[in-house]
Amino acid sequence: MSAPMAGLTRGPVAKLRSIGGSWLENLCLGLLVLFVLVAVFAPWLSPQDPTYGELGTGLVGPSADHWLGTDQGGHDTFSALIEGSRTSLVGPLLVVMVSTVAGIAIGLFSAWRGGWADTVIGRLLDVVFAFPALLVAILAVAVFGKGMTAPVIAMSVAYMPYTARLVRGLAMQEQARPYIAAYRVQGHSALYVAVRRLLPNIGPTVLAQSTVNFGYALLDLAALSFLGLGVQAPTPDWGAMINQSQAAVLRGEPLSAVVPAVAVVVVVVAFNIVGENVGDRLAGRKT
């Protein structure tokens, strides 16, 4: 089972969530809101310019001027962490938005048309599904060069089958319900029934899947930046910060690497817990 689809099953994160109950979900929601607010107000929250490195202050520990120390280039780690939240969250958001919209359109079309169209689309989705998102992003960088644009587009394509398959399966179930037949008898067009009536009923489940996908997309993009293939200096990014802090770790100053790594883990786990809670509640309503 692939990683994003595993988000809606009973995995290790689900076990952690079941121990904590609702308070853990509220904590995760609070953390996510905090990270979003930090990303939105980053320019006003950063005490220093994270792209400006002071000569002679590289790889220093925490101090009054640099709360989390500096990296090897003399950049303030705390400011870079705050500014890096913008690129680290915007990239996955774009991946989820594009893949979800495309997946909904393809899934609805496949379920509604059926027949040979459904078979062809299913085989094409199987082909895309066979390639890990991170591998597709690396191939895109090899062809189009480093940066964020190519990986985001490539990962949007790689994540699209998860939503498309989910939407197709849910739409096939909904089509068997009496209300769909009633709208058809009334003469409503297939587009109207699918978009205005069927889609709202499956929307919450798709939202739960998209929430889980966001966490995995963030992890993939952070890994890409860590490899030096994603966001490029001097733009701050959590994955790039971990890469640039390797020298600090060797010198016994691991804080500049640990802090962005913890931020990535916290956001990914929080999105998974929230997504699994939403998915479980929706499943409970239908049983």
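The values are calculated or read from the model by the stated rules, or taken from the named source; none is laboratory data. If you're wondering where the values come from, they're calculated on a predicted model, not measured in any experiment. Note that we place each Cβ from the backbone using ideal geometry, even for glycine, and neighbour counts take in every protein chain shown. Accessible surface areas use protein heavy atoms only, side chains included; no ligands, DNA or RNA. Shrake-Rupley method; radii C 1.70, N 1.55, O 1.52, S 1.80 Å.
Could you list all residues from the stretch 70-106 that are touching a Ser or Thr at 6+ places or on another chain (Cβ under 7 Å) and open to solvent by less than 10 Å² (accessible area, probe 1.4 Å)?
T70, G74, D76, T77, S79, V95, S99, G103
Within the stretch 66-110, which residues are of a type in the set (V, I, T) and outside any helix (DSSP H, G or I)?
Taking the stretch 66-110 first, the residues of a type in the set (V, I, T) are 70, 77, 82, 87, 90, 95-96, 98, 100-101, 104, 106.
Correct list: T70 only.
For the condition of a type in the set (K, R) and farther than 28 Å from G275 by Cα, what is the one hit in R177, R184, R197?
Numbers: R177 fails: farther than 28 Å from G275 by Cα; R197 fails: farther than 28 Å from G275 by Cα.
Answer to the selection: R184.
Are there any helices (runs of 4 or more DSSP H) wholly within the stretch 112-191 with 1 or more residues that are surrounded by 14 or more Cβ atoms within 10 Å (Cβ to Cβ) and within 22 Å of the chain's Cα centre (by Cα), and if so which?
Those helices (runs of 4 or more DSSP H) span 115-129, 133-144, 149-175.
Condition (residue is at positive phi and touching an Asp or Glu at 6+ places or on another chain (Cβ under 6 Å)) applied to the stretch 72-80: is it met by at least one residue? Even if it seems obvious, please write down each step before you answer.
Within the stretch 72-80, the subset at positive phi is 74.
Then keep just the ones that are touching an Asp or Glu at 6+ places or on another chain (Cβ under 6 Å); that gives 74.
There is at least one residue in the stretch 72-80 that is at positive phi and touching an Asp or Glu at 6+ places or on another chain (Cβ under 6 Å).
What number of residues in the stretch 229-270 are open to solvent by 40 Å² or more (accessible area, probe 1.4 Å), part of a helix (DSSP H, G or I) and touching a residue at least 24 places away in the same chain (Cβ under 8 Å)?
The total comes to 4.
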